[in-house]
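First the structure, in the form of structure tokens, and then the observations on it.
The values are calculated or read from the model by the stated rules, or taken from the named source; none is laboratory data. Predicted, not measured: the structure shown is a model, and the values here were computed from it. Cβ: placed from backbone, ideal geometry, glycine included. Neighbour counts: every protein chain shown.
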Amino acid sequence: MKTTISAKGMNVTPAIERRILKKTQTMSKYLRENTEMIVRMRKEKNERVVEITVPMNGVMLRAEATSDDNLFMSIDRALAKIERQILRNRTRLEKRLREEFPTEVVPEFIEELGAEDREDRQVARFKTYTVRPMSQEDAILQMELLGHSFFVYIDVDTDRAHVLYLRKDGNLGLLVPEA
């Protein structure tokens, strides 16, 4: 497995690099040899943020973890999130990767499997609503008026569906699907 490490606003010391490589190599029991794991670190105020991305065969695994001034804790939390994603979606990933996962997998980073790790998630609520063409500004206003964290609308200019969402940093994101 290939690991790429980058940092913004901080230095990657050889000790940090060794620790990351050691921790990420334990993920090789889930991933193929030629899989690339991208580890990005950044410093935001008094926090250390670690983002791990694993692109593989049309599937993108991504996890981000933050801790107060402890980079190693952020690394461990992000790896636990990636491991949780792999275990939760194991059946779907198996089919996609055409490779068997070990039947008895002992999680390396996850301390305790909680309720959010259930594989049998079901749709708890079904709702229909009329989607009408509107501008991006109108969609932002409508989303704020409803108090939702996302809003689906048809863009008046392109006549295509767009998804407006509230990001963790407080800004807005826009998803524009392509066929």
Quick check on the stretch 126-141: of everything there that is within 16 Å of Asn171 (Cα to Cα) and either modelled with pLDDT under 85 or not acidic (Asp, Glu) (or both), which residue is farthest from the chain's Cα centre (by Cα)?
Leu141
Pick out, from the stretch 1-60, the strands (runs of 3 or more DSSP E) lying fully within it that include 1 or more residues that are at pLDDT 90 or above, in contact with a strand residue (DSSP E or B) (Cβ under 7 Å, 6 or more places away or on another chain) and among the acidic types (Asp, Glu).
47-56
Taking Glu144 and the conditions (1) touching a strand residue (DSSP E or B) at 6+ places or on another chain (Cβ under 8 Å); (2) not in a strand (DSSP E or B), which numbered condition does it fall short on, given that it satisfies the others?
(1)
Does the stretch 155-169 contain any residue that is outside any loop (DSSP other than H, G, I, E, B) and modelled with pLDDT under 90?
no
Which of the residues that make up the stretch 24-42 are free of Cβ contacts under 8 Å to residues at least 60 places away in the same chain and within 19 Å of the chain's Cα centre (by Cα)?
Thr24, Ser28, Leu31, Thr35, Glu36, Met37, Ile38, Val39, Arg40, Met41, Arg42
